[in-house]
1. Of all residues in the range 266-285, count the ones that are surrounded by fewer than 21 Cβ atoms within 10 Å (Cβ to Cβ), touching a residue at least 40 places away in the same chain (Cβ under 8 Å) and not in a loop (DSSP other than H, G, I, E, B).
2. Looking at A115, A134, which is the one that is out of contact with any strand residue (DSSP E or B) (no Cβ under 6 Å at 6 or more places or on another chain) and of a type outside the set (F, W, Y)?
3. Any idea how many residues of the range 114-145 are among the polar types (S, T, N, Q), in contact with a Pro (Cβ under 7 Å, 6 or more places away or on another chain) and modelled with pLDDT under 90?
4. Just name the residue that is nearest to D114 (Cα to Cα) out of those in the range 148-184 that are among the hydrophobic types (A, V, I, L, M, F, W, C) and surrounded by fewer than 19 Cβ atoms within 10 Å (Cβ to Cβ).
5. I'd like to know if the range 280-303 contains one or more residues that are touching a Ser or Thr at 6+ places or on another chain (Cβ under 7 Å), of a type in the set (D, E) and more than 18 Å from V157 (Cβ to Cβ).
6. Just to be sure before I move on: is S125 without any contact (Cβ under 8 Å) to a residue 24 or more places away in the chain, more than 19 Å from V222 (Cα to Cα), surrounded by fewer than 18 Cβ atoms within 10 Å (Cβ to Cβ) and among the hydroxyl-bearing types (S, T, Y) in the structure I sent?
7. Do you know which residues across the range 153-196 are out of contact with any helix residue (DSSP H, G or I) (no Cβ under 7 Å at 6 or more places or on another chain) and of a type in the set (G, A, S)?
8. If you scan the range 246-267, which residues turn out to be under 22 Å from L170 (Cβ atoms) and not hydrophobic (A, V, I, L, M, F, W, C)?
Amino acid sequence: MAAIESPETVGLRPFHEFDDANALWPRGGRPEAIRKAADEFRSRFKEQGEITAVRTIPLVSAPYPVKYAFGGAAKAINPYVNIVNRLVVVQFEDFEGEMKTLVWEPTIPEGSADAPFYAQLAAASPQWVQDKLATEFNTLDQALASAGIAPEAVNFVSFDHLHVQDVRRLMGTTKPIDGESEPKEAYFPNAKFLCQRLEVATFENVHPMQWAWYVPDGMTDVRDDNLVLLDGDVELGKGVAILWTPGHTDGNHSLVINTPEGIWVSSENGVCADSWQPHLSKIPGVKGFAEFMGREVVLNSNTLEDSVDQYDSMVKEKSVADSVASDPRWLQVFPSSEMATLRRQWPVVPSYTHGGMNYGRIERRHARG
């Protein structure tokens, strides 16, 4: 078996509006170049049409250090906030007019618990503390069932990056793992898994600065015949694109969808709307930090593989997104792990919460299609 090297063979279309801006050096002029490229992309992307439907379903809420969430900018009492991971189901027409289903961020908490950061946090915390800090809203089975989608009916699967993901549980393996007698079956047996080549390569030799967040052996012996390696920006069909947004990790990418209320971007580069628009933030310290440092975004900073790239990626995301219809001050950039609004986090609570992306009606699917 071997990974799929050419995304075009599975109906994807690479696009290149951002190539020149990405390559610009020195990097000081890159944000402005990105904004110009975003205008070109937005115009073309919108002309292609909208998705058929999107639905988000909460999976799990997990603790996350404030110092990482806002790169040290926020002034907190509780050192942890909670972030909520949501499954995103998108249905759209591909470029041949066939209906396709994309599943974005299908996190399995049992796998995430093996990431060294969370494994060590659990080992150092009493069970009652762990129970208080983490909440499971839906299993992946339950979330898909609520959307009316069977795993075998999913065409594409992707994560914005592979922190805290044990991909073996989704892709299946060629050898037994964890003491099991047989190789693990693929959870999504008919899906193509879309990953940036750089993100997959990270698993082959994890750097100490990356180690705490990647599940050990999380891609070892996976069935890679359905793994599609991406080298930048691609479109999946009408109203759906994946935008390469490196920095948080080398292979980070973001989901872009065109809806009846405009373009949304789903990203891990920030933890709440304040991250992309700190000038509107009411979280103590965030607005002042951004103004003092002359920055227009505040990074999610648990790893800093390249903070300049991450900054530029967040500029790219906010330049692509449309404004929220009900409150045009805010942009439709939806954090894939959005910070919760729990009272115990006060005063570090989001100034604005998206809560999800929900449009249209998901077509119930119980067979491949």
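The values are calculated or read from the model by the stated rules, or taken from the named source; none is laboratory data. A quick note: this is a predicted structure, and the numbers were derived from the prediction, not measured. Every residue, glycine among them, receives a Cβ derived from its backbone with ideal geometry; neighbour counts consider all protein chains shown.
1. Of the residues in that region, 1 qualify.
2. Answer to the selection: A115.
3. 0
4. Only one residue tops the list, namely I177.
5. Looking for residues that are touching a Ser or Thr at 6+ places or on another chain (Cβ under 7 Å), of a type in the set (D, E) and more than 18 Å from V157 (Cβ to Cβ), one finds none in the range 280-303, hence no.
6. Working: without any contact (Cβ under 8 Å) to a residue 24 or more places away in the chain: yes; more than 19 Å from V222 (Cα to Cα): yes; surrounded by fewer than 18 Cβ atoms within 10 Å (Cβ to Cβ): yes; among the hydroxyl-bearing types (S, T, Y): yes.
So S125 passes the test.
7. The answer is A153, S158, G172, G179, S181, A191.
8. Of the range 246-267, the ones under 22 Å from L170 (Cβ atoms) are 248-255, 257, 266-267.
Across the range 246-267, the qualifying residues are H248, T249, D250, G251, N252, H253, S254, S266, S267.
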